[in-house]
Amino acid sequence: MPKLLIADDHPLFRAALRGAAADAAPDVVTREAETLAGVLALLDAEDDVDLVLLDLHMPGNHGLAGLAAIRAQFPAVAVVLVSANEDPLVVRRALDHGVAGYIPKSAGLGELRDAIRTVLACEQWLPPALRAAVARAQSAPEDTDLAARLASLTPQQFRVLSLVAEGLLNKQIADRLDVQERTIKAHMSAIFEKLGARNRTHAGVILRGLEITDPAQRVAG
């Protein structure tokens, strides 16, 4: 009985994904979250989630940062990104960072169903209309290198890095994670070494490099 987490802040699209999941796997169990924090909390509470359908621009998520957080903290969970962004280079970056699939929000019910069924069968899925363009898109060496470096972090080290990127100081991070400040300092030393970061500012910049502009916001601006 597969368990699927639908992570999107739009109720109508969550309903569409829920219906597609039920069609793809009649025995599927679904959970829902509207923020990245909600996603991480649910994954922490329920250790049997098989697949997350993650909105690329849901609250708390900025591009590929949410994907990286899930991959670092819950490596056994497959992630499919869902987005209105159909740029082949963005899809290529997502693949380099470990997604199991990429679903455009323009996809019809049949494509949603096929995507979910394919990924639950442990196969990768891309929209047919984008496959050729994504195949032509070149992986950026810095992306593949960053993906490997982030993958080397422990789950707790990634949590620390995320809080550093938010601008928190060591004492604030220690309070947030309920650990000693010296523990955070030890994590920071390991993070610097694994990421090749010069200092905490540089480490935060590295993580923020995963951010991708929301096309809707770009048009609005």
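All conditions in (1) in a helix (DSSP H, G or I); (2) closer than 29 Å to L163 by Cβ; (3) over 13 Å from the mean Cα position of the chain (by Cα); (4) modelled with pLDDT of 90 or more hold for R93, with the sole exception of (3).
Taking the criterion of being open to solvent by 20 Å² or more (accessible area, probe 1.4 Å) and within 21 Å of E211 (Cβ to Cβ), the residues of segment 98-128 that qualify are G98, K105. Among residues of segment 3-15 being crowded, with 18+ Cβ neighbours inside 10 Å and not acidic (D, E), the one that is farthest from L40 (Cα to Cα) is R14.
In the set (1) surrounded by fewer than 19 Cβ atoms within 10 Å (Cβ to Cβ); (2) within 28 Å of A41 (Cα to Cα), R71 fails one condition alone, (1). Hey, can you tell me all the residues within segment 1-25 that are assigned to a helix (DSSP H, G or I) and over 13 Å from I116 (Cβ atoms)? P11, L12, F13, R14, A15, listed by residue number. Condition check for R131 on (1) closer than 30 Å to L112 by Cα; (2) open to solvent by less than 70 Å² (accessible area, probe 1.4 Å): one failure, at (2). Which residues, taken from segment 45-88, are over 20 Å from L150 (Cβ atoms), among the β-branched types (V, I, T) and either touching a residue at least 60 places away in the same chain (Cβ under 8 Å) or assigned to a helix (DSSP H, G or I) (or both)? Correct list: V82 only.
Suppose the filter is surrounded by 14 or more Cβ atoms within 10 Å (Cβ to Cβ), at pLDDT below 95, of a type outside the set (D, E) and over 19 Å from the mean Cα position of the chain (by Cα); does A165 pass it? In short, no.
A search for C-beta distances below 7 Å between a residue of segment 190-204 that is without any contact (Cβ under 8 Å) to a residue 24 or more places away in the chain and any residue that is assigned to a helix (DSSP H, G or I), counting only pairs 6+ apart in sequence or on different chains, returns F192/A203; A197/I191; A197/A203; A197/I206. Condition check for E181 on (1) at pLDDT 95 or above; (2) open to solvent by less than 30 Å² (accessible area, probe 1.4 Å); (3) over 18 Å from E142 (Cα atoms); (4) touching a helix residue (DSSP H, G or I) at 6+ places or on another chain (Cβ under 6 Å): one failure, at (2). R71 meets all of the listed conditions (1) within 24 Å of L163 (Cα to Cα); (2) more than 12 Å from the chain's Cα centre (by Cα); (3) among the basic types (K, R) but one, namely (2).
Each residue in segment 26-43 was checked for being surrounded by fewer than 18 Cβ atoms within 10 Å (Cβ to Cβ), in contact (Cβ under 8 Å) with a residue 24 or more places away in the chain and over 15 Å from I116 (Cα atoms), and 2 pass.
The values are calculated or read from the model by the stated rules, or taken from the named source; none is laboratory data. Just so it is clear, the model here is predicted, and its values are computed rather than measured. Cβ sites come from the backbone with ideal geometry, for glycine too, and all protein chains shown count toward neighbours. Accessible surface is based on the protein model in full, side chains and every heavy atom, while ligands, DNA and RNA are left aside. Shrake-Rupley method; radii C 1.70, N 1.55, O 1.52, S 1.80 Å.
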